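See structure below.
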Amino acid sequence: MERPQPTFQVDGAEIRKRRMEVGLTLRQCAKEAGMSHSYLSEIETGLKTDMRPPTYTALRTALQIQTDNHQLLAPTDETEHRKDSRGRDEDAPRPHPEDG
């Protein structure tokens, strides 16, 4: 029995940010990556979060992202910053009460 092809969990906001940094419209980027602009739009807005490896590779190439750069991937438990009850990063320095 053949295992299904793995997928990448991508971060649509990062994809959109990078696309804009390189100066591509949604349609231009989609065309360069060999996908429909509606699919790319769904990725960027978070309606879809999974990409198959060939699609992810093509998008990464269109956005000029190196192979070892994981900028377009969704944060995992290991890379996501933990937040405290007030929504602040737990590792961030705390303001001194007298600075307030």
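The values are calculated or read from the model by the stated rules, or taken from the named source; none is laboratory data. In this text, all values refer to a predicted model and were calculated from it rather than measured experimentally. Using ideal geometry, Cβ is built from the backbone for each residue, glycine included, and neighbour counts are taken over all protein chains shown.
Pick from segment 1-50 the residues that are acidic (Asp, Glu) and either assigned to a helix (DSSP H, G or I) or closer than 11 Å to Leu63 by Cα (or both): which of them is farthest from the chain's Cα centre (by Cα)? Give the steps one after another, and end with the answer.
Residues of segment 1-50 that are acidic (Asp, Glu), as a first pass: 2, 11, 14, 21, 32, 42, 44, 50.
The next check asks that each one be either assigned to a helix (DSSP H, G or I) or closer than 11 Å to Leu63 by Cα (or both); those that pass are 14, 21, 32, 42, 44.
Details: Glu14: 4, Glu21: 14, Glu32: 18, Glu42: 13, Glu44: 8 Å.
Residue satisfying both the conditions and the ranking: Glu32.
Among the residues of segment 24-36, what is the count of those that are over 21 Å from Pro53 (Cβ atoms) and in contact with a Ser or Thr (Cβ under 9 Å, 6 or more places away or on another chain)? It would help to see each step written out before you state the result.
The initial filter retains those residues of segment 24-36 that are over 21 Å from Pro53 (Cβ atoms), namely 24-28.
Next, only the ones that are in contact with a Ser or Thr (Cβ under 9 Å, 6 or more places away or on another chain) stay: 26.
Going through segment 24-36 one residue at a time, the tally reaches 1.
Give me the residue from segment 34-61 that is among the small types (Gly, Ala, Ser) and closer than 15 Å to Ala13 by Cα and, out of that set, surrounded by the fewest Cβ atoms within 10 Å (Cβ to Cβ).
Taking segment 34-61 first, the residues among the small types (Gly, Ala, Ser) are 34, 36, 38, 41, 46, 58.
Next, from what is left, pick out any that are closer than 15 Å to Ala13 by Cα: 41, 46.
Working: Ser41: 16, Gly46: 13.
Among those that are among the small types (Gly, Ala, Ser) and closer than 15 Å to Ala13 by Cα, it is Gly46.
Test Asp84 against the stated conditions and say whether it is more than 18 Å from the chain's Cα centre (by Cα) and modelled with pLDDT under 90.
Values: more than 18 Å from the chain's Cα centre (by Cα): yes; modelled with pLDDT under 90: yes.
The answer is yes for Asp84.
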